[in-house]
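The values are calculated or read from the model by the stated rules, or taken from the named source; none is laboratory data. These numbers come from a predicted model, not from an experiment. Keep in mind that these areas ignore ligands, DNA and RNA; they rest on the heavy atoms of the full protein, side chains included. Shrake-Rupley method; radii C 1.70, N 1.55, O 1.52, S 1.80 Å.
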Amino acid sequence: MRALNYLEFEDRLRGGIVTATRQQRKALATTDVEVVETPWRAGNPVQSLGTLFAGEGYFAEYDVAHCNLVGPGSVAVARHAKRNDIPLVLHAHVTKEDFAESFRGSSTVAPALEPYLRWFYSQADLVVCPSEYTRGVLESYPVDAPIKQLSNGVDVESLEGYDQFREDTRERFDLDGMVVYAVGEVFERKGLTTFCELAKATDYDFAWFGPYDEGPQAGKATKKWVNNPPENVTFTGYMEDKRAAFGAGDVYLFPAKVENQGIAVLEAMACGKPVVLRDIDVFREFFADGEDCLMCSTFEEFREALERLADDPELRERLGENARETAESHSLDRVGDELEAAYRDLADGVPPESVAAGDAEG
């Protein structure tokens, strides 16, 4: 079967949605599903006007449509799918909750996003989301469509050889001792202020590996901390190879306020790193405090967690080993198998409610 796996603006985006989409495609490459990455017959909407006028059609041919974003291109795909009885899967990477505190004005816009997301996701035959937490958010809007939870997974293969980057990366950014680090875009929703305040309260080297906005779209907290960081905090900017970040860092600190799952957390775990997280529902869903991570609710708890890890190498090793086992349960093989089964069931006319519940035969 042929399945569209579409991410509009893919060449302009960065961050978790891009990673999640590309992991879906890599996962599906191990199945019998032929993936089509663009819905447009000639590759883009403008050039496809030529094929439309030539009578060859505007859209490519596929048996299932799967969209990973919520913009105009995805709306066009959704309308085409509904007109032509093509099963439609919409992936809920975006909620109003995780949209807030990401860039300038996002918190103001976020409440107005809810009715749009409710309308958009409700068009789907099946909504896929990465966590039960996100399912609950969508149901609260409410989204009128069956919802299936499926982990974003972690691409363990893409992290192979991370250790070989350790010495050069630490030297490049002048990092020493137990390095506390984060990976990904720099903004407040991901716990930026807590990250920097913890650095000010401790003597460890802190590094945030990832891009940050400096223009007018940058959030207030991003501008504040990137332009005037504590002495022991390094903002590296974009890293060409993420393995350098995971090789250089020792303790992964992610005090995010809202998250739909957290791919970088799974990547840190896949590298056997001890992880310190904010105690929020989505992390409780996947991880266990004291087993494969440490979870904290207050600033003092975060500071004490870092001190425990600094003083206890055996604790760091135990948490890291258990974290690696947790990451293995989020394999791309599993993601690919579940996506293929959902696609085939929808194409075969299995009721979407059964597909969402996992009751259908894959």
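The table that follows gives values for the structure above.
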| read-out | value |
| --- | --- |
| Diffusion constant of segment 222-297 at 37 °C, which comes from Stokes-Einstein with the Kirkwood Cα-pair radius and 0.692 mPa s, µm²/s | 239 µm²/s |
| Mean projected area in nm² (Cα convex hull; one quarter of hull surface) for the chain | 18.3 nm² |
| Shape of segment 214-259, Cα gyration tensor, a/c cut at 1.5 | prolate |
| Translational diffusion of segment 183-252, µm² s⁻¹ [Kirkwood Rh, Cα pairs; Stokes-Einstein; 20 °C; 1.002 mPa s] | 173 µm²/s |
| Residue with peak Gaussian network fluctuation, the chain [Cα springs, cutoff 10 Å], from 350, 226, 35 | 350 |
| For segment 1-52, alpha-carbon Rg relative to the globular expectation (2.2 N^0.38 Å, N residues) | 1.27 |
| The chain - mean residue ellipticity at 222 nm from DSSP helices (-39,500 (n - 2.57) per run, n ≥ 4, rounded to 500) | -12500 deg cm²/dmol |
| Proportion of all alpha-carbon pairs of segment 157-329 beyond 19 Å (%) | 52 percent |
| Surface share of carbon and sulfur [accessible, 1.4 angstrom probe, percent] for segment 157-329 | 40 percent |
| Karplus-derived HN-Hα couplings along segment 152-162 (A = 6.51, B = -1.76, C = 1.60, θ = phi - 60°), whole Hz, x at Gly and Pro | 5, x, 9, 8, 4, 4, 5, 9, 4, x, 4 |
